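Worksheet for the structure shown next.
The values are calculated or read from the model by the stated rules, or taken from the named source; none is laboratory data. Since we're looking at a predicted model, the values are computed, not measured. All Cβ positions, even for glycine, are placed from backbone atoms using ideal geometry, and neighbour counts span all protein chains on display. What goes into the accessible areas is simple: the full protein's heavy atoms, side chains included, and nothing from ligands, DNA or RNA. Shrake-Rupley method; radii C 1.70, N 1.55, O 1.52, S 1.80 Å.
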Amino acid sequence: MPRAGQLKSSGERLSDRVAVGVLTQAFPPELVDEVLADTGRIQQRNRLLPARLVVYFVLAMCLFSGQSYEEVARLLTTGLRGARCWRASWAVPSTAAIWKARSRLGVAPLQQLFARVCRPVATPDTQGAFYRDWRLTAIDGTTFDLPDTKTNVEVFGRPPRSGRGEQNVGCPQLRMVGLVECGTHAVFDAAIGALRTGEQTLARAVLPSLRPGMMLLADRGFYGVDLWRTAAATGADLLWRVRKDLVLPVVEQLPDGSYLTEIFDRSDIHHTRRGVPVRAVEYTIAGHEGVYRLLTTILDPGKAPAAELAALYAQRWEFESTLDEIKTHLGGPRLVLRSQHPDGAEQELFGFLLVHHAIRHLMHQAARQGDHDPDRISFTRSLRVVRRQVTDQAAFSPRQTYPRNQSHPR
């Protein structure tokens, strides 16, 4: 008698094919197989839930957030029971079987799939994605609530106190810092850590994804001379907001109202070492008190006038819109990741990022065809279309495929 999760027959079953439509366009089965091979997750025996199928199940689980494991499995196989080449006796795997399959898969395949696929998607003709010759990007951080389990608390931690001063209350949380392409809302890098891990620490893991020709927008929480140097070393230009009380000596006043200055390490109180040359832009906003201060690596005001940079900084809020798409629309109101264990939580979060990227990529394609700004296309409507297509389009085999010169693992 075969063990649970193992097939006795080598014949093709209904579970060997699954309809995931749009997701296979963004993440082709051949690429998923490569990722599984690279991460050592190719199964060694014929299972009811092979590794490739589990990858797509995690993506579908995030696409249909709020649905049970069994319902997600049903949605993946909608419309296939009438196919005569599959057994009508196929049963939806149990929650326990799916949970074990997710545990076997781990986080590495989803993480590597994200690294392989998720890139900036805007082209030079994409409306709203560039300022002059710079591709606009933003960095920011957020937290995600997790189920209140012992392992989640031990690994990720929980907020130290509530708004009323109560300690060790509320859901455990993980922290994420990501890079977003402002014009398309495409998340093209992300780092995940415990709640106690600072945003600047996680930022160091994503900054290497910056490239010359990009402009990175950041809020006050990311400012630090060392992190500034690290980001600038990528070749990207920076436009970061800084605190009002930061001492900035005026080295040279510029005709557009900005000025050249220097920033110094905190440890160099007396400025005994040479500072980092930057340009400062100060401005006010009608209806708001105080002065806003920006620093940029673009020292020539002719290339980026102060007034344009001040207006441009508002693009940083595109990151907040991206989080709203992921947390509220894709994940559902008051999103709490469903995974009871830390590896599953990270796996699930990368699943959300992958699905969001796939939807945003399709929205960008639609915007280009219609010569529209991607921001003018509704994410909610696009999500509804993708959910319908997932259960309507043709099926594919979740089993790994192997080159002719490579034998199937036994």
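See the values below:
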{"read-out": "Residue among A203, A191 that is hydrophobic (A, V, I, L, M, F, W, C) and assigned to a helix (DSSP H, G or I)", "value": "A203"}
{"read-out": "Residues (touching a helix residue (DSSP H, G or I) at 6+ places or on another chain (Cβ under 6 Å) and either at pLDDT 95 or above or surrounded by 15 or more Cβ atoms within 10 Å (Cβ to Cβ) (or both)) located in the stretch 244-275", "value": "D256, G257, S258, I263"}
{"read-out": "Residue in the stretch 45-56 that is within 17 Å of C118 (Cα to Cα), modelled with pLDDT of 70 or more and crowded, with 16+ Cβ neighbours inside 10 Å present", "value": "yes"}
{"read-out": "Top-ranked residue of the stretch 101-116 - restricted to ones that are of a type in the set (G, A, S) and within 11 Å of G40 (Cα to Cα), ranked as least open to solvent (accessible area, probe 1.4 Å)", "value": "G106"}
{"read-out": "Enumeration of residues in the stretch 301-346 that are under 24 Å from V55 (Cα atoms), in a loop (DSSP other than H, G, I, E, B) and either open to solvent by 70 Å² or more (accessible area, probe 1.4 Å) or in contact with a strand residue (DSSP E or B) (Cβ under 6 Å, 6 or more places away or on another chain) (or both)", "value": "L337, Q340, H341"}
{"read-out": "So Q112, is it assigned to a loop (DSSP other than H, G, I, E, B) and of a type outside the set (A, V, I, L, M, F, W, C)", "value": "no"}
{"read-out": "P93, sole failed condition from (1) surrounded by 15 or more Cβ atoms within 10 Å (Cβ to Cβ); (2) at pLDDT 95 or above; (3) over 17 Å from F188 (Cβ atoms); (4) not β-branched (V, I, T)", "value": "(2)"}
{"read-out": "Tally, over the stretch 224-267, of residues that are among the polar types (S, T, N, Q) and either in a strand (DSSP E or B) or over 24 Å from D133 (Cα atoms) (or both)", "value": "3"}
{"read-out": "Selection status of T143, part of a loop (DSSP other than H, G, I, E, B), open to solvent by 30 Å² or more (accessible area, probe 1.4 Å) and modelled with pLDDT of 95 or more", "value": "no"}
{"read-out": "Among (1) closer than 17 Å to L227 by Cα; (2) within 32 Å of the chain's Cα centre (by Cα), the one test that I285 misses", "value": "(1)"}
{"read-out": "Subset tally (residues that are open to solvent by 40 Å² or more (accessible area, probe 1.4 Å) and either acidic (D, E) or without any contact (Cβ under 8 Å) to a residue 40 or more places away in the chain (or both)) for the stretch 212-243", "value": "5"}
{"read-out": "Residue list for the stretch 368-389, restricted to those being more than 21 Å from the chain's Cα centre (by Cα), in contact (Cβ under 8 Å) with a residue 60 or more places away in the chain and in a helix (DSSP H, G or I)", "value": "R368, Q389"}
{"read-out": "Boolean, E289 is of a type in the set (D, E) and modelled with pLDDT of 95 or more", "value": "no"}
